[in-house]
Amino acid sequence: MSRLLGSLKLRLALASALLIAASVAGTVLIAVHEVERRTEEAITDTNLGVAQLAAVLSASVTERQRALAAAAGQWPRGQHASRTAIETFLAQQSALAALFNRLTVGRQAELAPPGRSLGNHVSPPLRGLTGVDKLDLAIVMPLASDEAGLLLAGVLRLDTINFLSKLPHAALLDDAHLQTIVADQRGYVLAHADETRLLSLIEEDPDLRPLALRWRAMGSPLEAAPWAGRFGKQFAAMAAVPGTDWMVFRVADGEAVFGAARRAMNRTIMLAAGVAAAGALAIFGLTAWLLRPMGVLRRRALLALEPAYPPQLGWPEAGGEVGELSRVLKHVGEQLAGSRAAMQQTLQQMEAMLAHAPVGIAFTSEGRIELASKQLEHLLGYGPGELDRPWATLLTEEAPREELHERGETAFREGRSFEAEVPLLRRDGSSLWAHVHGAAVQGNPSRRIWIVSDATASRRQREALTWSATRDPLTELVNRREFETRLAEVVGDRRRRDADCALFIDLDHFKQVNDGAGHAAGDAILKSVAKALQAHVRTGDTVARLGGDEFAVLLVGCPVDHALQIAERMRGQIERDGVCASQPALRVTASIGVVAIAAQHRSLAEVLDAADQACYAAKHAGRNAVRVAAG
């Protein structure tokens, strides 16, 4: 089909057919539009009869108000409003029974919705009132009774037959269905051909929604003057019912109104299509006869794609446009042959580079690896051609994939290269830290080139340097600088609510061990103390050697009473293990100061000062003791 549509003869024929059809269709559309415009004006002028319906409803309400007023005046003067008296009075109102679904007598508080006063008007729907159904509304009049607040109410049930509920079933305008809805000023539906929509909001009706929203935007006015307009395929009108807070809405289906005109338009368009098709066939035949030399040129142009066919031979000699086109295509064929040779040479050079490059190289398109160098396959443990997979699958589960993807895409959009050190997944499931450099291919942003080199050795070297910078070389505990950094983070975090404590340990008699047994024995004692301290902390706590015979422990999320218990266990362990192996008479104990890190410690210096005071207190108490810094 695509080959057929590519024919110049057919495209000329189709263009002619479309021009003919468009001319006829345009004329028809203009005519139909004019008919629709005049029809729309006529419908708008009549307001869909909404004013007449509003007047009929108003008259019906007025009639019932008068009947109620007359009946309310018949209440016997001086008559107490007992249940029996009310029932007798209502039984005498046979004339009202034909006008209402039900009659009742009650007080203002019994009939009026909360916060509303009824007076002598039409109530809103009486939902939630004792003895009254949610689908009832009432027309009320004060009784001529000596008892204040008594009202005579004529109840209209919205889902039974009455003058209000019968209104929406009126409805044909020619062959167009006409929908009629009555709602109160708050937007609740009082009358609808579909009883399930009673007391729903008018904007919930799909057909009425555009008109309802316009009415809401106008401030929900109760204007007696009708308004009409068009919303999409529908005509709509509205008018207020005088003497009530009701609105009458009417909606007519525009498709039905304009059906005849559009059917005529469709018939005319079909006729235009037939005329256009006949003209197209005639033009196609004439064009095919005139463009016969083009067939020869087309067959020779296809041969230009064959590398073995000589680019100078076989081109037809002709005059006019066909001859000019033949000469142009011959020149293009010669250029194509030269480009093909250069491309073959470039491809051979790329294959050599991928085979012998000392780093891993990959080309991706839409995120999938298309070409991979031999070194990359070797680094990741794959065989030749086995890296045909999405680039993202080479990242380990621990790698921050979303962050790396966002960084890479941002760099490529800004025309920059992307560099990162990432863990890659080898074929055997092991991981490899690699330095990755990526860049978008110029002119084709969806294609990228990646250069990958093994970063395992350099990463290990960096990790070793980091470890040695934060550790005490003798005990392998955290050193003073790292401990103070972690302690400063805890002190500076004002959002923390957990209790945190710090222990500061100063060894007793350590100088005697160093002087009497030598530095080797002192080093052994320091290692033994380090193990004793580590034996009593949790994974998230920090044990540090501050220097010489001073140690410290940071207990995160640890109350002071629990910290005291830990400190006491550490003191006891050091007392037991702090014996010099070569000279048992030489031994060390520990004086431990406990600091509860609180809000009043506004800096690291204040915590350290409190620790010194606590340690001094432990020394002053005779050594080998635990003391808490004063709060």
| remark: Length-normalised contact order of segment 357-460, Cα under 8 Å, at least 6 apart, in percent, tallies to 28
| Taking the Cα centre of segment 544-631 as the origin and placing charges on Cβ (Lys, Arg +1; Asp, Glu -1), which of Gln573, Ser603, Tyr616 is farthest toward the positive end of the dipole? | Gln573
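When only the heavy atoms of the protein chains count and the probe is 1.4 Å, how do Ser339, Ser94 rank by accessible area, highest first?
Largest accessible area first, the list is Ser94, Ser339.
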| note | Long-range amide H partners of Gln234, meaning residues 5 or more apart or on another chain whose placed amide H is closer than 5 Å, are Gly254
| said: What is the sum of charges, Lys and Arg at +1 and Asp and Glu at -1, for the other residues whose Cβ falls under 15 Å from the Cβ of Leu380? | reply: -1
| message | Could you report the accessible area of Ser453 in Å², rounded to 10, computed with a 1.4 Å probe on the protein chains as they sit in the structure? | response | 40
| Carbon and sulfur: what percent of segment 357-460's accessible surface (1.4 Å probe)? | 50
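For segment 471-628, what is the accessible area per residue in Å², given a 1.4 Å probe and the full set of protein chains?
50
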| remark: Non-local residues with an amide H under 5 Å from the amide H of Ile597, with H modelled 1.01 Å from N and Pro and chain starts lacking one, are Asp500, Cys501, Ala502
| query | Averaged over all directions, how much area does the convex hull of the C-alpha atoms of segment 357-460 cover when projected, in nm²? | reply | 6.4
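Would you tally the net charge around Arg486, using a Cβ to Cβ cut-off of less than 12 Å, leaving Arg486 out, and scoring K and R as +1, D and E as -1?
Spelling it out: positives minus negatives among the neighbours equals -4.
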| field | Percent carbon-and-sulfur accessible area, segment 580-631, ignoring ligands, DNA and RNA, probe 1.4 Å | value | 54
| query | With θ set to phi - 60° and the Karplus curve 6.51 cos²θ - 1.76 cosθ + 1.60, what are the ³J(HN,Hα) couplings of segment 545-556 in order, to the nearest whole Hz, using x for Gly and Pro? | reply | 9, 7, x, x, 9, 10, 10, 8, 9, 10, 9, 8
| remark: Expressed in nanometres to one decimal, the distance between label points 7 Å along Cα→Cβ at Arg481 and Ser94 is 11.2
| query | Which value in Å is the Kirkwood Rh of segment 72-111 over different Cα pairs? | reply | 11.2
| query | When all protein chains stay in place, what accessible area (Å², nearest 10, 1.4 Å probe) is found for Arg102? | reply | 90
| request: Work out from phi, with θ = phi - 60° and the Karplus expression 6.51 cos²θ - 1.76 cosθ + 1.60, the ³J(HN,Hα) of each residue of segment 481-488, listed in order in whole Hz, and give x for Gly and Pro. | output: 4, 5, 5, 5, 5, 5, 5, 5
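The values are calculated or read from the model by the stated rules, or taken from the named source; none is laboratory data. Quantities reported herein were computed from a predicted structural model and do not represent experimental measurements. All Cβ positions, glycine included, derive from the backbone under ideal geometry; neighbour counts span all protein chains shown. Areas reflect the complete protein model, heavy atoms only, side chains present, ligands, DNA and RNA absent. Shrake-Rupley method; radii C 1.70, N 1.55, O 1.52, S 1.80 Å.
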